[in-house]
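Everything below concerns the one structure shown next.
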Amino acid sequence: ADLTANLPKLPALRIKEYVGYGFDYPSALFITENKNLADYVDDILNVSPTTNSELHRLLTKWITSELFAIIKEIEIDEIKLSAKNFFTIVETVFAKKITRIIGKQILHTACFEEKNILEEIAVHSISTSIDLDDVIETVLSENPKVVGEYKQGKEKVINVLVGLVMKKTNGVISPNEV
């Protein structure tokens, strides 16, 4: 029998794997300082398909920013969100089915209380019943001065209009969608 099969991974091996996955060294070191955190991160990475490098980058970014921020508030063992659902949220943001802002809200809430992730994603999905054309028409009619500036060649004011549309849709619509 292989005696090493049931042994836990040593931190040095985990650090090497994390760096190979795309984490920077300080983040990899931080993860391995807490075995439960390392186990949770391993579970997230094991759910992730190994073929998409852009998705990997987004996943590592969410682990090092969002997850690291959450574990400043609660212990890793107290997080209610499964590793699979953590990945599902990031994957849904990656696929542009929900915005980054909405994804972070769902992630944060689900870490503190039991949530049906698929239901939360469906409720906040970009393809919900928001009529983007109506929202844009409303924003344009409510802001004739900004529209006038745009027509005069001040192209940067478009960002103001995009921001107003996003505000009216509570962040459900991404700037690219607008």
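The values are calculated or read from the model by the stated rules, or taken from the named source; none is laboratory data. What you see is a predicted model, and the numbers here were worked out from it, not measured in a lab. Backbone-built Cβ (ideal geometry, glycine too); neighbour counts: all protein chains shown. Each accessible area value is taken on the protein alone, full model and side chains, heavy atoms only, with ligands, DNA and RNA left out. Shrake-Rupley method; radii C 1.70, N 1.55, O 1.52, S 1.80 Å.
Quick look at the numbers
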| item | result |
| --- | --- |
| Count of residues meeting criterion [over 18 Å from Ser53 (Cα atoms), touching an Asp or Glu at 6+ places or on another chain (Cβ under 9 Å), open to solvent by less than 50 Å² (accessible area, probe 1.4 Å) and in a helix (DSSP H, G or I)] in the range 81-101 | 1 |
| Condition check for Gly20: assigned to a helix (DSSP H, G or I) and loosely packed, with under 15 Cβ neighbours inside 10 Å | yes |
| Among (1) under 11 Å from the mean Cα position of the chain (by Cα); (2) open to solvent by less than 30 Å² (accessible area, probe 1.4 Å); (3) more than 19 Å from Lys16 (Cα to Cα), the one test that Leu59 misses | (3) |
| Scope the range 114-169; condition touching a residue at least 12 places away in the same chain (Cβ under 8 Å), of a type in the set (Ser, Thr, Tyr) and closer than 21 Å to Ala95 by Cα; matching residues | Ser125, Ser127, Thr128, Thr169 |
| Subset tally (residues that are polar (S, T, N, Q) and either open to solvent by 70 Å² or more (accessible area, probe 1.4 Å) or in contact with a Ser or Thr (Cβ under 6 Å, 6 or more places away or on another chain) (or both)) for the range 105-124 | 2 |
